[in-house]
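Worksheet for the structure shown next.
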Amino acid sequence: MIEAVGLTKRYGAKTAVYNLSFQVRPGTVTGFLGPNGAGKSTTMRMILGLDTPTEGKVTIGGLPFRQTPNAPRQVGALLDAKAVHGGRSARNHLLSLAQLSGIPARRVDEVLGVVGLQDVARKRSKGFSLGMGQRLGIAAALLGDPQVLLFDEPVNGLDPEGILWVRNLMKRLASEGRTVFVSSHLMSEMALTADHLIVIGRGQLLADMSVTDFISTNSADFARVRTPDGEPQSREKLSAALSGAGAQVLTEPDGALRVTGLPLPRISDLAHGSDVRLWELSPHRASLEEAYMRMTQGAVDYRSTVDQKAGLTQQPQPGFGAPRQQIPEVPQQGFYAPPPPGSYAGAPAAAQAAPTAAAPADPTKPEDPR
Ligand SMILES: Nc1ncnc2c1ncn2[C@@H]1O[C@H](COP(=O)(O)OP(=O)(O)OP(=O)(O)O)[C@@H](O)[C@H]1O
Ligand SMILES: [Mg+2]
């Protein structure tokens, strides 16, 4: 079991982790979630004795990692798949780790097989793809057949087969009674893999509960109700009846009603009482992603904005010769396609852009060539 008590980490003025207390129990996969910069990797580094807590402590099986006897046989971790000497082959990398911990060489070949890298075992790891590197990192974590495993975003870069494999691997390790602590930003994957969740935001604990409880606490179940297409009056009638009975009713893009606050049998009875036929009445559970977004929306540090591309528009420089003419963007047909004849001759932009197959309706706003 991993146990953190009042764990705090400051880097200068930045508090990366604050007063974090939680337990990660054996026999289950515990997901570790939080927005970018929330403090997940920092917490994992403190668990593994790679960073010293400013305050509080964290133990594995009752002892700090550094005091754990023969720790690599007790605890396996994948924190950074790139933390490998690129000049070494996959096999030699694992062999060097094995020798440090008194693990026999044949175990290296075993784990290479487990992660599917046996065919490239003698290739230098600097030529590995992102997913191959992740697999090598997972092999290193499994090397000592440890009881406690930590994985920081293990499915990053893995192909669908690899993602499924990691999911099954985590579940199997937990079913063998091991402690499995795994961070990820893939909510759909976490929903399928984890039994329990620890969610942090800005270094602080937001939730510590089962996946099922997390979803039901942070989202509302709803029913989808569809009346026959082409009978808007039926939909209006039902909507009024449902609202009158205290439901919240929203119309979905396809015309169906999203109803919260009433059980399905009651919705059915109200439709019957209003003499409205139904084409659909189905229960819906919110996804882990919806529940996660709802919970963490106030703790997101890095939010994207719409790309206005205003920084690409050259402003005329006042007092420096004649005002510059804005060069219209011309939709290109391929790499280095020449501009259409007559372009850049001072004609209005809309008149200049040659109508090509790829040209959008408004030539002043060409399509993103990507
Ligand atoms: N060595 C360091 N020195 C200074 N600041 C650091 C250091 N390591 C982490 N931080 C800061 O601590 C905060 C938490 O970082 P951390 O890497 O733990 O987040 P994370 O939850 O793993 O994020 P991500 O999902 O992006 O991997 C960030 O603001 C980061 O800039
Ligand atoms: Mg991280």
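Odds and ends about this structure:
- Taking every alpha-carbon pair under 8 Å whose residues sit at least 6 apart, region 2-217 reaches a relative contact order of 30 percent.
- When both region 123-153 and region 45-81 are represented by their alpha-carbon centers, they are found 18 Å apart.
- Gain on full extension, evaluated as 0.36 nm per residue between SER274 and GLU289 minus their Cα-Cα distance, stands at 1.8 nm.
- Normalised by 2.2 N^0.38 Å, where N counts its residues, the alpha-carbon radius of gyration of region 30-103 equals 1.28.
- Distance between region 270-311 and region 202-220 - C-alpha centres, whole angstrom: 17
- In a fully extended conformation the segment linking THR260 and ASP307 would gain 13.4 nm over its present Cα-Cα distance, using 0.36 nm per residue.
- The relative contact order of region 221-284 comes to 51 percent, based on Cα pairs under 8 Å that sit 6 or more residues apart.
- Antiparallel %, DSSP beta bridges [both residues in region 2-217], to 5: 55
- Gain on full extension, evaluated as 0.36 nm per residue between ASP109 and VAL300 minus their Cα-Cα distance, stands at 64.5 nm.
- Binning the C-alpha pair distances of region 221-284 at 10 Å intervals from 0 yields a P(r) profile of 25, 65, 10 %, listed from the shortest bin outward.
- Kirkwood Rh (inverse of mean 1/r, distinct Cα pairs), region 115-201, angstrom: 13.7
- Per-selection Kirkwood Rh - region 1-145 (Cα, Å, 1 d.p.): 16.5
- Over region 142-260, equivalent-ellipsoid semi-axes from the Cα gyration tensor in Å: 43, 17, 12
Rule-based calculations on the coordinates, nothing more; no lab input. No experiment lies behind these values; they were computed from the predicted model shown.
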